[in-house]
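Derivation of every value follows stated rules applied to the coordinates shown; laboratory data play no part. Just so you know, these numbers come straight off a predicted model, no measurement behind them. A quick note on method: Cβ atoms are made from the backbone with ideal geometry, for glycine too, and the neighbour counts reach across all protein chains shown.
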Amino acid sequence: MKNNLGVLIILAIAISSCTSAKKTLRNEYTVISYNVENLFDTVDDPKIPDEEFLPTSEKKWDSERYQKKLNDLVRVITEINPKELPEIVGLVEVENRTVLEDLTLTGALKNQKYGIIHEESPDYRGIDVALIYRQDAFQEVSHETLPVVFPDDPEFKTRDILHVTGKIKKKTVHFFVNHWPSRIGGDEKTEPKRVLAASVLKSKTDQILAEDPSARIIIMGDMNDEPANKSLYETLGAESPDSGARLVNLMMPDDAKSMGTYFYSGSWNMLDNLVVSDALIKGKRFHVMDDKGFIFTNDWMTFTNKNGAKTPNRSYVGNKYVAGVSDHFPVYLKLNVR
């Protein structure tokens, strides 16, 4: 009887310790933004121009290559926080819901039963943005898409902005996933399109903050612009974390160090941004840890160029398959929620 009592006491202490450790760990939430570079399945969709990513194309995009990309993306996502799978992941350049389902059923993500929030965009390339989330950590309340329409160029189609409202520990949070028009054709010539996208986002965040000045807002995605560019700095009004502005860009500190998420023509570009409302900087029980965002990289996901720089290793160079993960590094932030 005494031996049994001793075993029960030891077991109770062990369970209590595990529960306590888990509770402490769950005060920390990881939010990731990742441009996954052309995550297409291998099935022809007649509604979109996906012919480039089919087994019969010059790229020879087949099931083996598709599965490798899924495996590699899961490896990146899980390595960002080895202690705990990330709670929120914003994804850019996904073809459809099928690829999101395949991703969330791959490797370690399969055991967590991630929820998926996705809507088809009118984008001319057939790519969308999406959000996946741990259903034990985030509860969706609603979502909507914010169309980005160009009055002076109505034929140009781009990605909608995805706005997701939900709760973390019963506290409301607004997430916005973005993929603004690219710089193809020249930065200066294409800038007005990104400024317009920023104005669409700004209109919505202004509305939210007018209703609740302490609203928790997290904006993520590939803006195809850097923190100091007009779209982000002037139109959206996202300033440095120590500025006291209503919206702050958490990637500004790394951008000031000439770091970036995308490497082009010998230079780093901070195209992937994380912007939050000041409530997440000033908050005591719900705030961004270290008041900044981070770029994630690991040697296995990089390519070393002739100058020794370790840059994102992409899936293809032209039509040549080089077996990389993505041409962007992901960015992430940590939330402390009590």
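Which one is farthest from PRO46 (Cα to Cα) among residues in the range 116-138 that are assigned to a loop (DSSP other than H, G, I, E, B) and aromatic (Phe, Trp, Tyr)?
PHE138
Looking at ASN111, ASN96, ASN71, ASN38, which is the one that is under 23 Å from TYR321 (Cβ atoms) and either exposed (fewer than 15 other Cβ atoms within 10 Å of the Cβ) or among the small types (Gly, Ala, Ser) (or both)?
The conditions single out ASN71.
Before we move on, is LEU280 part of a strand (DSSP E or B) and either of a type in the set (Lys, Arg) or in contact (Cβ under 8 Å) with a residue 40 or more places away in the chain (or both)?
When the stated conditions are applied, LEU280 does not pass them.
Considering only the range 139-180, state which residues are surrounded by fewer than 23 Cβ atoms within 10 Å (Cβ to Cβ), among the hydrophobic types (A, V, I, L, M, F, W, C) and not in a strand (DSSP E or B).
VAL149, PHE150, PHE156, listed by residue number.
Which of the following residues is over 30 Å from LYS284 (Cα atoms) and surrounded by 15 or more Cβ atoms within 10 Å (Cβ to Cβ): ASP225, ASP255?
ASP225
Contact list please: Cβ distance under 9 Å, first residue in the range 32-56 and touching a residue at least 24 places away in the same chain (Cβ under 8 Å) and at positive phi, second residue assigned to a helix (DSSP H, G or I) and surrounded by fewer than 20 Cβ atoms within 10 Å (Cβ to Cβ), pairs at least six apart or on different chains.
ASN38/GLU52
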